[in-house]
1. So what's the net charge close to Gly55: Lys and Arg +1, Asp and Glu -1, counting the other residues with Cβ under 9 Å from its Cβ?
2. Report the dimensions of the chain along its three principal axes from the alpha-carbon atoms, largest first, rounded to Å.
3. For the chain, find the longest principal axis of its Cα atoms and tell me its angle to the long axis of helix 35-60, 0 to 90°, nearest 10.
4. Does anyone have the angle between helix 8-30 and the longest principal axis of the chain? Alpha-carbon axes, 0 to 90°, nearest 10?
5. Report the relative contact order of region 1-77, percent, no decimals, based on alpha-carbon pairs under 8 angstrom and at least 6 residues apart.
6. Helix-only estimate, please: 222 nm mean residue ellipticity of the chain, summing -39500 (n - 2.57) across DSSP H runs of length 4 or more and dividing by its residues, to the nearest 500.
7. Under a Cβ-Cβ cut-off of 14 Å, what is the net charge of the residues other than Val22 that fall near it, where Lys and Arg count +1 and Asp and Glu count -1?
8. Give the angle, between 0 and 90 degrees and rounded to the nearest 10, that separates the Cα long axis of helix 74-92 from the longest principal axis of the Cα atoms of the chain.
Amino acid sequence: MHGYTANKDDYLKRLRRVEGQVRGIAKMVDDDKYCIDILTQVSAATKALQSVALGLLEEHMGGCVVEAARAGGPEADVKVKEAAEAIARLVRS
């Protein structure tokens, strides 16, 4: 079981909302809407995805990483490195 399982429905609801936002953005482009309006919607969708990512990261850190750290050994090192790499990807995006 993954750390996010308890909140899976919430994540799916948020992702479906983002999916709708992205479809709306595509329609705006198709309809030749004003560039700044499109960029505003892209920014909103990006922030929504970042919010999902941060929630998943928090749950991963609070579950998988903490459990591995308690157990110690090489698995703990792997989980911490994995989390650090995920944070680095989020910071770059």
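1. -2
2. The Cα atoms of the chain stretch 56, 28, 13 Å along their principal axes.
3. That works out to roughly 20 degrees.
4. That helix lies at roughly 30 degrees to the long axis.
5. Values: 33 pairs, mean separation 30.2, N = 77.
So the answer I get is 39 percent.
6. After summing the helix terms and dividing by the residues of the chain, the value is -27000 deg cm²/dmol.
7. +4
8. The answer is roughly 20 degrees.
Readers should treat all values here as calculations from the given coordinates under stated rules, not as data from a laboratory. Keep in mind the model is a prediction, meaning the values are calculated, not measured. Cβ coordinates were reconstructed from backbone atoms using ideal geometry, including for glycine residues, and neighbour counts include every protein chain displayed.
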